[in-house]
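Since the structure comes first, as structure tokens, the remarks are kept for the end.
The values are calculated or read from the model by the stated rules, or taken from the named source; none is laboratory data. Keep in mind it's a predicted model, so treat the numbers as computed, not measured. Positions of Cβ are generated from backbone atoms using ideal geometry, with glycine treated the same way; all protein chains shown enter the neighbour counts.
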There are 2 protein chains.
Amino acid sequence: MLRNKPIRGALLDITGVLYESGTRVAIPGSVEAVRRLKEAGVGVRLVTNESSIPVAHLSTKLEGMGFEVREREIISPIPAVLKVLEREKLTPHLLVSPQVESEFAHLLSNQTSPNCVVLGDAGNAFSFEALNKAFRALKTMPSPRLIALGRGKYYRHEGELHLDVGPFMSALEYATGVQAEVIGKPAKEFFKAALSDLGVSAEEAIMVGDDIEGDVEGAQGCGVAGVLVRTGKYTPTSETHPCITPAAVQDNLGCLVEALLVGGI
Amino acid sequence: MLRNKPIRGALLDITGVLYESGTRVAIPGSVEAVRRLKEAGVGVRLVTNESSIPVAHLSTKLEGMGFEVREREIISPIPAVLKVLEREKLTPHLLVSPQVESEFAHLLSNQTSPNCVVLGDAGNAFSFEALNKAFRALKTMPSPRLIALGRGKYYRHEGELHLDVGPFMSALEYATGVQAEVIGKPAKEFFKAALSDLGVSAEEAIMVGDDIEGDVEGAQGCGVAGVLVRTGKYTPTSETHPCITPAAVQDNLGCLVEALLVGGI
């Protein structure tokens, strides 16, 4: 048994679990797996650190691959950071993918100097000059705040490893001495928001991901059973991590759901 | 008195002490200050983390500003890392300024995969793709080694702050879990090599710099009195650092040498 209680909620990572980064094709079995979970009465939320495209595009992309998911089922850092910025009346300096800049348009101001830096997965926009600008912005703020959309180390895209937002967060932390606030996995608030949205407790939920740290360790830090799948950026060393033991390891999401619903793990 | 013993050696930072970054003009009084030190029998070594141009170019640049210095008086990370690479028969993957790549040409090999990454002040060459390549190189090495030429946080260039090599070192450390080996200030071996080259003990030497951490703290970690000058990237907060107290603070190198030779500090 994965859990003592029946599983009522499944938090699923998107990239590397539903589809491989750089492709527009679902990982075999994953479309059916999501459908089967829902049919079995298990609530599903897609818990992602994807910050390089707007949530609406992500939702459309998933629908295009055959997934029956709605935008409101996606828990992603962009809507979460927008809420924080609006609530705290912050004016951000953005270092994000050009594709998501427009999401922040209503918060930019010609009158007010930025009072925080929002750092997303900017990909090729992580140039020396863009990093310098974010650094200088932090150095001129009386009370600098660095908000990172996740703190992942790297991801696999079109078969190659790419640096995720975490290393750039670390670079700006090192240069400024400012400790980043993380919005996204593995922040506890992020997992809790997903559980709250589903209306289930941590003991009734599982988190499925390909990232032994961001997904598995992050979830387990909130009492959610973390399941590792052997897709996405998984490598065999993920299973021999010195400190993190997943609640289960399965070849892919389809196998996990089969085992859950039929095998009774 | 800066020291109990007479001062027999002066280690001088270059950028921000002899000239301001981005200019080709000596800071007023600094040319004469170097000359006066030498005339007074104080051995001089220029101890720099400059890794964006070859030492020979740096020497020529300084001569062009009027400094009477020879290439062999410059202690810089490039010759130091070349010695390490040659001694340990390492094949480097380079993430350095294009201007210094040719210094490493004899160590590159088409036959041998790189077994270390050498990270210098690459400036605009710090692109997302170049950082990804260095990251992937480290990920594929059986025993990855990351050698950073200094670990400075930032420098002032043409009036603006720019990220130095340290933040990018931190980014690669974060992504890979590999701890960098630093060649350059503030590594003790680097200061010791300068002292040994001069033939003076730490107690007989001073280090003059504009960087409260890399220069002042670094030198003091080896028992060399660290003097801060109010040029280069100095800001008033350098003088109120919570943990580091310079042996002296002077407006510039000229004032310091005047105070040393005439004022008897």
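Things to note:
- Annotation: A:SER143 fulfils all but one of (1) part of a helix (DSSP H, G or I); (2) more than 23 Å from the chain's Cα centre (by Cα); (3) more than 14 Å from every other protein chain (Cβ to nearest Cβ); the unmet one is (1).
- Among residues of the stretch A:176-210, those that are aliphatic (A, V, I, L, M) and not in a helix (DSSP H, G or I), counted: 10
- When residues in the stretch A:83-103 are screened for being farther than 16 Å from A:ASP121 by Cβ and either touching a residue at least 60 places away in the same chain (Cβ under 8 Å) or of a type in the set (A, V, I, L, M) (or both), 3 of them pass.
- Among the candidates A:LEU161, A:LEU228, residue that is of a type outside the set (Asp, Glu), in contact (Cβ under 8 Å) with a residue 12 or more places away in the chain and surrounded by fewer than 20 Cβ atoms within 10 Å (Cβ to Cβ): A:LEU161
- Number of positions in the stretch A:150-168 that are within 8 Å of chain B (Cβ to nearest Cβ) and outside any loop (DSSP other than H, G, I, E, B): 8
- Across the stretch B:17-39, the number of residues qualifying as among the small types (Gly, Ala, Ser) and buried (at least 22 other Cβ atoms within 10 Å of the Cβ) comes to 2.
- Here A:GLU129, A:GLU173, A:GLU213 are screened, and the one residue that is outside any loop (DSSP other than H, G, I, E, B), within 13 Å of chain B (Cβ to nearest Cβ), modelled with pLDDT under 95 and under 23 Å from B:ALA134 (Cβ atoms) is A:GLU213.
- Options A:ALA130, A:ALA80: the member that is surrounded by fewer than 22 Cβ atoms within 10 Å (Cβ to Cβ), closer than 20 Å to A:LEU11 by Cβ and aliphatic (A, V, I, L, M): A:ALA80
- Residue selection: B:ASN124 satisfies the criterion of being in contact with a Phe, Trp or Tyr (Cβ under 6 Å, 6 or more places away or on another chain), at pLDDT 95 or above and in a helix (DSSP H, G or I).
- Residues of the stretch A:86-126 that turn out to be away from chain B (no Cβ under 14 Å) and exposed (fewer than 13 other Cβ atoms within 10 Å of the Cβ), as a count: 12
- Among all positions in the stretch A:182-199, there is at least one residue which is within 14 Å of chain B (Cβ to nearest Cβ) and aliphatic (A, V, I, L, M).
- The residue of the stretch B:50-74 that is surrounded by the fewest Cβ atoms within 10 Å (Cβ to Cβ), among those that are β-branched (Val, Ile, Thr) and not in a helix (DSSP H, G or I), is B:ILE53.
- Residue within the stretch B:75-85 that is within 14 Å of chain A (Cβ to nearest Cβ) and part of a helix (DSSP H, G or I) present: no
- Residue that is nearest to A:ALA26 (Cα to Cα) [pool: residues in the stretch A:225-253 that are at pLDDT below 95 and of a type in the set (Gly, Ala, Ser)]: A:GLY232
- Among the criteria (1) crowded, with 20+ Cβ neighbours inside 10 Å; (2) free of Cβ contacts under 8 Å to residues at least 60 places away in the same chain; (3) under 16 Å from B:PRO77 (Cα atoms), the one B:PHE135 does not fulfil is (3).
- A:GLY199 falls short on exactly one of the conditions (1) out of contact with any Gly (no Cβ under 6 Å at 6 or more places or on another chain); (2) buried (at least 16 other Cβ atoms within 10 Å of the Cβ), and that condition is (2).
- Residue match in the stretch A:159-167 (condition: under 21 Å from B:TYR155 (Cβ atoms) and of a type in the set (A, V, I, L, M, F, W, C)): no
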